[in-house]
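The values are calculated or read from the model by the stated rules, or taken from the named source; none is laboratory data. In this text the structure is predicted, and so the values were computed from the model without any measurement. Cβ sites come from the backbone with ideal geometry, for glycine too, and all protein chains shown count toward neighbours. These area figures cover heavy atoms from the full protein model, side chains too; ligands, DNA and RNA do not enter into them. Shrake-Rupley method; radii C 1.70, N 1.55, O 1.52, S 1.80 Å.
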Amino acid sequence: MSTSPTQPLRRKLLLGLAAGATAASPVALLAKPLQSQAHIVILGAGAAGIAMANRLRRSITGARITLVGARAQHHYQPGYTMIASGLWQPERVLSSTGQWLGNGIDWLTQDVTAIDARQQRVELSNQQQLTYDLLVVATGCQLNYHEIEGFDVSMIGQHGIGSVYASPAAAQATSAQIDALVSKGEGRALFTLSNTPLKCAGAPLKMTFTTLSRLEKTGQRERFQVDFFSPYPNRVFAVPTYNDFVLRRWQEQKVGFFDQRVLTGLDAPNRTAFFTHSDGSQSRELYDFIHLVPPMSAPDVVRASDLVWREGPFANDWLEVDQYSLQHRRYPNVFGVGDVIGTPFGKTAASVKMQAPVAEHNILAFLSGQPLTARYNGYTSCPLITSIGRAILSEFGYEGKLLPSFGFISPTEESWLVWMMKEQMLQPAYNAMLHGKV
């Protein structure tokens, strides 16, 4: 039987994704399950919550594991940019939450409405109260579109407005608005960046690059004006290596760059965006298409609890944890995983893959009365799409240190190979993460 030249490479990459995930994990699983009668409550039925529930289900016997979250449909959120770029259909990122949960997990299809860390109790949307011995907060983050004056999330897909973050349907509507710009044959496209920590901070850059590819395909790129607005001085990405690459490439592609400007308002019917500058002044910009990035935070239920950071750069907005152990700094029986945590990096699905085994190991140590020795190094990964068909595998951790997983892939060079990983191979690795296998 003959094989295509890409098949051995595909097998190598898939094996590398699995082996690399295991080898890179800061801890190894314990030799045998821990015996415990603890009631472990996990808040959030997204990727982080599901992964933690499946891991703890296997590594602890005798415990009661309760997963709290009303979301019946699971979304493969790394696929949103592919939908918004016109490459995937929404169905490709949809599945049911229940299909990922193993036996022995008590799933309550309610959302948490209050957290009382002192009393070790949470309240659910049906007024049910749960007490816990150990709490894992994995609620994800909150998209604060309402902080953009004059805007409502229902406007995505109208008046030239797109935003990749809201949902698969919103991502598809975003693609349709880009198509409308292309069909017009000329116009101005604005891309924005929020001044808060973001989940998948590379998404605004990816949307800019893939839109440029669609405009260039028309053969009349010069008829379109593309501008990017950043709240930071000369910065669109926190890691200097990738920030410099993006700004240099955009200069080559004649993308206008406007820094120290935050999108604060929108007049949608008149396709006008309002920006507040670092000196407090304001300006208005007309557009034919605009990609919005909302401010983000932990969900309000976390912000209103005593679990939120009290001071520092994450104060009042993100879950307080030690950035290495993922244990809460004031409530030792609380751990955090995923987008909700207030750490310098760590808001991607790849981050969850690395955080989950750390949190698992440290939870077992805590329940056993042992020191918490596992450490999360801030690992974050973002296949940074630079055009349709090419990408850079950006992998980094705390202090912006590059943390490449594959010796045969340069962490600073764009390639078709990384694009293929993004397009075909990362979703199977993500699914393995949900099952708690990597």
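For the residues LEU198, LEU135, the requirement of being surrounded by 23 or more Cβ atoms within 10 Å (Cβ to Cβ), of a type in the set (A, V, I, L, M, F, W, C), touching a residue at least 60 places away in the same chain (Cβ under 8 Å) and more than 19 Å from ALA268 (Cβ to Cβ) singles out LEU135. In the stretch 315-334, the residue that is nearest to PRO197 (Cα to Cα) out of those that are in contact (Cβ under 8 Å) with a residue 12 or more places away in the chain, in a loop (DSSP other than H, G, I, E, B) and open to solvent by less than 40 Å² (accessible area, probe 1.4 Å) is TRP318. Being crowded, with 23+ Cβ neighbours inside 10 Å, at pLDDT 95 or above and touching a strand residue (DSSP E or B) at 6+ places or on another chain (Cβ under 8 Å) is true for just one of THR264, THR174, THR276, THR241. Which residue is that? Of THR264, THR174, THR276, THR241, the one residue that is crowded, with 23+ Cβ neighbours inside 10 Å, at pLDDT 95 or above and touching a strand residue (DSSP E or B) at 6+ places or on another chain (Cβ under 8 Å) is THR174. Filtering the stretch 380-426 to residues that are among the acidic types (Asp, Glu), under 25 Å from GLY342 (Cα atoms) and surrounded by fewer than 17 Cβ atoms within 10 Å (Cβ to Cβ) leaves only GLU399. Please go through the stretch 25-73 and pick out each residue that is open to solvent by 50 Å² or more (accessible area, probe 1.4 Å), at pLDDT below 95 and aliphatic (A, V, I, L, M). Selection gives ALA28, LEU29, LEU30, ALA31. Applying the criterion of being of a type outside the set (Val, Ile, Thr) and without any contact (Cβ under 8 Å) to a residue 40 or more places away in the chain to the residues of the stretch 138-165, the residue that is most open to solvent (accessible area, probe 1.4 Å) is HIS146. If you go through the stretch 374-430 and keep only what is under 11 Å from ALA350 (Cβ atoms) and assigned to a strand (DSSP E or B), you end up with THR380, SER381, CYS382, PRO383, LEU393, SER394, GLU395, PHE396. For VAL337, state whether it is among the β-branched types (Val, Ile, Thr), modelled with pLDDT of 95 or more and open to solvent by 10 Å² or more (accessible area, probe 1.4 Å). Taking the combined requirement at face value, the residue does not satisfy it. Residue under question is ALA298, and the condition is that it be touching a residue at least 12 places away in the same chain (Cβ under 8 Å), surrounded by 19 or more Cβ atoms within 10 Å (Cβ to Cβ) and either in contact with a Lys or Arg (Cβ under 9 Å, 6 or more places away or on another chain) or more than 17 Å from GLN225 (Cα to Cα) (or both); does it hold? Judged against the criteria, ALA298 is a match.
Among the residues of the stretch 178-195, those that are open to solvent by 30 Å² or more (accessible area, probe 1.4 Å) and assigned to a helix (DSSP H, G or I) comprise ASP179, ALA180, VAL182, SER183, LYS184. Here the strands (runs of 3 or more DSSP E) wholly within the stretch 239-314 that include at least 1 residues being closer than 27 Å to THR348 by Cα, under 24 Å from the mean Cα position of the chain (by Cα) and of a type outside the set (Lys, Arg) are 261-267, 289-291.
Remark: pairs (first residue in the stretch 273-291, of a type in the set (Ser, Thr, Tyr); second residue modelled with pLDDT of 95 or more and open to solvent by 50 Å² or more (accessible area, probe 1.4 Å); Cβ separation under 8 Å; 6+ apart in sequence or on different chains) = THR276/ARG261; THR276/GLN282; SER278/PRO233; SER278/GLN260; SER278/ARG261; SER283/ARG261; SER283/PHE274; TYR287/ARG271. Taken over the stretch 366-379, the criterion of being open to solvent by 10 Å² or more (accessible area, probe 1.4 Å) and at negative phi is satisfied by PHE366, LEU367, SER368, GLN370, PRO371, LEU372, THR373, ARG375, ASN377, TYR379.
In the set ALA298, ALA356, ALA315, only one residue is closer than 30 Å to VAL153 by Cβ and touching a strand residue (DSSP E or B) at 6+ places or on another chain (Cβ under 7 Å); that residue is ALA298.
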